[in-house]
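Okay, so here's the structure we're looking at.
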Amino acid sequence: MTSLLRRIEDDNMTETLVDNAEDNLETQALSNDHLFTADDSQESYDSSSSACRRRAASIEWPPRKQPRTVETVQVGCLNVISGKYESLDYDIPDSDLLLDEERNSGFKYETKKNITRWLVFMLIGVFTAGIGVFLDIAIDQLSEIKYETLKHYVDTCVKENCLYLPYLMWVAFNVFFVLISSLLVTYVEPVAAGSGIPQVKCYLNGVKIPRVVRIKTLFVKVIGVVSSVVGGLAVGKEGPMIHSGAVVAAGISQGKSTTFGRDFKIFHFFREDHEKRDFVSGGAAAGVAAAFGSPVGGVLFTLEEGTSFWNQSLTWRVFLSAMVSTFTLNSILSMYHGYPAQLWVAGLLSFGKFPDIPYSRFELFIYMGMGLVGGLFGALFNYINYHLTVFRMRYINNKLSMKVLEAALVAATTATVGFAMIYFLNDCRPLGQDPTKFPIQVFCGDGEYNALGALWFQTPETSVKSLFQDPPGSHKVTSLSLFFVLYFLLSIWTYGLSLSAGLFIPSLLTGAAWGRLTGMGLMWLFPNQSWIDLRKYALIGAAAQLGGVVRMTISLTVILIEATGNIAFGLPLMLTLICAKWMGDFFNEGIYDIHIMLAGVPLLSWDPPPLSHDIYASEIMSHPVVVLRTTERVARIVQILTAETHNGFPVVDPGHELQSEKISFGKLRGLILRHQLIVLLQNKIFNERMDLWDSKNLEVALKLFRNEYPRYPHIQDISLSSAEMRCTVDLRPFMNSSPYTVIHSMTLPRVFRIFRALGLRHLPVIDDTNQVVGMVTRKDLVRYRVHHHNGHMTREELKISEK
Ligand code: ATP
């Protein structure tokens with residue numbers, strides 16, 4: 001506040017300086033035209049001797065304005081970044097307002113904030129587990145009603161020759177539930193589609209995905225997942241748990257709900273993008289922990305798949321949230337299943353008991369081979385699903401009713417495939433061999449049940465457990481092979497439908513099927529060998545398939561170790577997953593990345609594109625830059641905000657008459673964001689009205705920004721009188737007065753690393769006299785990509801679409 005007032009007092013002085021500075025700046029601007037020409041390069045870069053620097057010095061000036069945007073984008077094109085995605089502000093700004101708050105509040109305030117932070121992470125764990133419990137019980141109860149009814153009709157109709165009746169009922173059940181999910185997602189909240197993992201990944205990377213962490217999205221997601229799973233689709237509830245955890249985290253940590261219009265007036269200090277991002281990391285980890293009973297896997301998942309920023313204390317907090325989530329879920333579900341005194345149900349997904357199964361060293365080669373096969377299947381899955389998604393984007397997605405119809409068609413087909421397999425393949429097993437809940441006899445003899453019926457008359461999660469745990473001889477090779485092929489195709493078709501559903505379980509199920517088949521093949525090749533245990537092979541197959549599709553390694557290894565409770569099997573799982581990733585990566589990207597690319601999301605990869613040291617900041621930056629002066633006219637701010645779509649503006653020295661309202665030259669003094677300008681305009685914090693904004697009111701200014709977060713008004717919503725338009729605003733107290741900058745001759749890899757590591761949104765480019773010469777944002781960096789084609793690597797420059 002002190003500095004704020006000081007600056008306002010200084011304002012008059014500034015006005016006088018403006019006139020004097022004007023002449024100097026004009027002279028400088030003229031000389032800037034020659035600043036980077038080849039002739040001057042020796043003078044400007046005496047200290048540097050490298051060839052690269054000399055090349056940087058001899059670059060064209062002013063920079064060539066490259067045609068970077070395209071107006072029309074071919075749907076399903078992987079070479080265009082969508083201009084509609086904005087970034088989040090993960091950088092903590094150094095504004096006077098914030099600094100004054102920190103100085104005035106002292107350590108007590110910081111301690112309070114820290115304790116609250118830990119508490120919120122705990123709450124995130126509890127609430128995420130609560131959602132997991134709801135999903136589990138709802139799916140359990142509804143599936144029981146569905147399969148009990150179907151079993152009753154199948155058993156009766158086999159005798160009375162009316163099997164078409166249970167078939168039609170099965171189709172009706174599936175279509176009914178799937179329609180609920182699809183209608184909700186299509187018409188109420190499309191961002192709740194799928195597992196939500198790609199969306200959470202983008203959010204943690206720093207991309208603003210509209211409505212991704214809203215309560216409405218959570219509601220649609222939860223109801224949608226229950227309906228999709230009960231609707232019998234090849235889907236699971238585990239992936240959506242990660243998204244649900246993220247929404248819970250974003251909701252609790254803000255102490256308000258914009259959807260319900262309620263502000264609980266708590267946690268206002270967490271109303272910033274970087275704080276929210278940390279909580280969302282905790283929520284995602286809590287989701288994994290609840291889904292798989294895997295707290296460490298949850299922490300590693302957020303580390304591997306998501307968050308772009310990590311530190312030691314965040315690890316602890318995320319781990320706490322994951323642990324609390326597992327514990328809460330375990331306690332409640334154990335009670336629900338009748339074991340109140342014991343912690344019996346670790347996660348939503350149960351693989352059954354995996355006691356220490358020994359394996360021999362030579363088996364590691366078999367596992368690695370299976371990993372390679374999993375990678376191949378995964379790449380095939382991704383390849384077909386990519387083409388299917390492009391087809392959907394071109395021909396289905398433009399009509400909402402078509403999306404719903406497709407979902408209903410998949411639901412009916414899934415029931416038909418299941419019924420046809422049960423009807424035509426008479427795979428009979430004696431009753432009592434495995435604990436299936438709804439055994440159906442169909443055409444089997446007395447005391448027998450149909451093994452395929454057992455696989456289809458239960459949720460996919462339970463089928464995964466069956467394929468892991470069923471004793472040898474429970475399945476025929478032909479029926480299991482057919483099940484694998486059909487389920488594989490169904491899961492490809494299902495992923496990407498307009499409904500909420502996860503991909504983990506169908507991948508685990510297809511993998512467990514071919515893994516079990518591998519084990520059965522080995523048993524046939526090497527009879528009576530004790531080392532062949534079908535459980536091992538089913539598990540390795542499941543891991544390989546899932547790894548081949550999603551390309552996760554460390555987190556998936558740990559998730560599977562924790563879910564099976566078998567630490568000794570860690571090495572085989574790790575080798576399998578690494579091989580699956582290598583093999584899959586040889587052909588294409590992981591499924592989440594493919595969908596992210598198809599949506600044109602500007603996701604920053606971990607590393608800069610290889611071999612890009614010959615690209616300089618001056619080539620990637622935008623030029624000329626739209627800048628504001630430290631003391632700016634309201635009319636000009638309004639004009640810029642209306643005419644430009646940019647979200648950040650460098651603030652330069654006053655006194656320089658801006659040519660054509662767009663100018664790049666001017667000494668950099670700070671950086672201000674669009675939303676800050678809007679709040680200033682909305683609350684009329686103008687120099688001429690400072691009598692209204694006495695010191696007390698200015699303290700309120702910070703609250704004004706936080707209250708509006710995260711949905712700020714548009715410039716069109718601000719109404720200003722013509723007298724107000726003539727006012728001026730002092731931007732200095734509000735701007736980030738020491739933004740990160742880069743020099744124009746910095747190479748792309750360095751610019752990339754600074755931008756990525758610091759979670760930036762805008763990176764002004766300056767020359768050696770601190771004049772703003774360009775602007776780099778996420779989209780400028782994401783444009784450079786290396787393309788693998790026929791064994792060759794080529795660098796490509798992507799275009800940015802206008803919307
Ligand atoms: P974001 O969308 O990431 O929240 P933004 O809207 O400010 O930030 P982008 O949409 O990423 O910016 O930018 C699109 C293009 O506009 C980029 O090439 C970027 O360099 C350029 N750009 C951004 N800000 C300015 C500015 N103040 N002046 C000139 N060009 C800019």
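Looking only at residues in region 183-241 that are among the small types (Gly, Ala, Ser), in a loop (DSSP other than H, G, I, E, B) and open to solvent by 10 Å² or more (accessible area, probe 1.4 Å), the one that is farthest from Glu461 (Cα to Cα) is Ala193. Residues in region 635-643: is at least one open to solvent by 20 Å² or more (accessible area, probe 1.4 Å), touching a helix residue (DSSP H, G or I) at 6+ places or on another chain (Cβ under 9 Å) and farther than 28 Å from Ser82 by Cβ? For region 635-643, residues open to solvent by 20 Å² or more (accessible area, probe 1.4 Å), touching a helix residue (DSSP H, G or I) at 6+ places or on another chain (Cβ under 9 Å) and farther than 28 Å from Ser82 by Cβ: present. If you check Thr128 against the conditions, is it of a type in the set (Ser, Thr, Tyr), part of a helix (DSSP H, G or I) and touching an Asp or Glu at 6+ places or on another chain (Cβ under 7 Å)? When the stated conditions are applied, Thr128 does not pass them.
Checking Gly515, Gly519 one by one, the residue that is on the phi < 0 side of the Ramachandran plot and free of Cβ contacts under 8 Å to residues at least 60 places away in the same chain is Gly519 and no other.
Each residue in region 276-320 was checked for being polar (S, T, N, Q) and outside any helix (DSSP H, G or I), and 4 pass.
Just one of the listed residues (Asn114, Asn174, Asn104) is open to solvent by less than 30 Å² (accessible area, probe 1.4 Å), more than 26 Å from Trp344 (Cβ to Cβ) and not hydrophobic (A, V, I, L, M, F, W, C), and it is Asn174. Evaluation of Leu431 against the conditions (1) in contact with a strand residue (DSSP E or B) (Cβ under 6 Å, 6 or more places away or on another chain); (2) buried (at least 21 other Cβ atoms within 10 Å of the Cβ) shows that the sole unmet condition is (2). The single residue among Leu573, Leu611 that is more than 16 Å from the ligand (Cβ to nearest atom), more than 19 Å from Lys799 (Cα to Cα) and open to solvent by 50 Å² or more (accessible area, probe 1.4 Å) turns out to be Leu611. Counting residues in region 493-506 that are over 15 Å from Thr414 (Cα atoms), in a helix (DSSP H, G or I) and among the aliphatic types (A, V, I, L, M) gives one or more. Listed by position, the strands (runs of 3 or more DSSP E) enclosed by region 699-796 that each have at least 1 residues that are within 14 Å of the ligand (Cβ to nearest atom), in contact with a helix residue (DSSP H, G or I) (Cβ under 9 Å, 6 or more places away or on another chain) and under 24 Å from Asp653 (Cα atoms) are 762-766, 772-777.
When you look at Thr630, is it β-branched (Val, Ile, Thr), at pLDDT 90 or above, within 16 Å of the ligand (Cβ to nearest atom) and farther than 30 Å from Arg783 by Cα, yes or no? So Thr630 passes the test.
The values are calculated or read from the model by the stated rules, or taken from the named source; none is laboratory data. These numbers were taken from a predicted model, which means no experiment stands behind them. Virtual Cβ from ideal backbone geometry, glycine too; neighbours counted across all protein chains shown. Ligands, DNA and RNA are stripped out before the accessible areas are found, and what is left, the full protein with its side chains, is counted by its heavy atoms. Shrake-Rupley method; radii C 1.70, N 1.55, O 1.52, S 1.80 Å.
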